[in-house]
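Quick notes on the structure that follows.
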Amino acid sequence: MEKKIYKEINKSETETTINVLYKEKMLSVYTNKVDLQKQLCKTLGEPTQEYIKGRSIIASRWDILLSEKRKISQMMLKANIFEL
């Protein structure tokens with residue numbers, strides 16, 4: 001497996017969004033925080049989409065079905081989304 005290269009962006013530009021897509025019955029989780037991307041890869045597996053600039057990953061998105069309650073619970077427990 002090829003090692004992924006993540007690009008750290010300016011602290012003032014970091015963001016994480018969690019959208020509930022009711023019609024699609026899915027959560028969409030987007031982040032450009034490097035540490036969180038790595039945590040989510042471990043918890044949720046490979047992202048649905050990786051946003052790449054040059055040879056580096058600058059952000060990732062995971063789409064999780066609302067029926068996957070165990071996966072959603074693991075994400076909330078294991079990934080430091082809120083930096084608490």
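The strands (runs of 3 or more DSSP E) found entirely in region 1-81 that carry 2 or more residues being of a type in the set (G, A, S) and in contact (Cβ under 8 Å) with a residue 24 or more places away in the chain are 56-65.
State which residue is least open to solvent (accessible area, probe 1.4 Å) when the search covers only region 20-53 and only residues that are more than 12 Å from the chain's Cα centre (by Cα) and farther than 24 Å from K3 by Cα. Break it down stepwise before answering.
First pass over region 20-53, keeping only residues more than 12 Å from the chain's Cα centre (by Cα): 20-26, 52-53.
Cutting the leftovers down to farther than 24 Å from K3 by Cα gives us 20-26.
Values: V20: 63, L21: 58, Y22: 174, K23: 188, E24: 101, K25: 135, M26: 41 Å².
Looking at residues that are more than 12 Å from the chain's Cα centre (by Cα) and farther than 24 Å from K3 by Cα, I get M26.
The values are calculated or read from the model by the stated rules, or taken from the named source; none is laboratory data. Computed from a predicted structure; not experimentally measured. Every residue, glycine among them, receives a Cβ derived from its backbone with ideal geometry; neighbour counts consider all protein chains shown. Quick note on the areas: whole protein, heavy atoms, side chains included, nothing else; ligands and nucleic acids left out. Shrake-Rupley method; radii C 1.70, N 1.55, O 1.52, S 1.80 Å.
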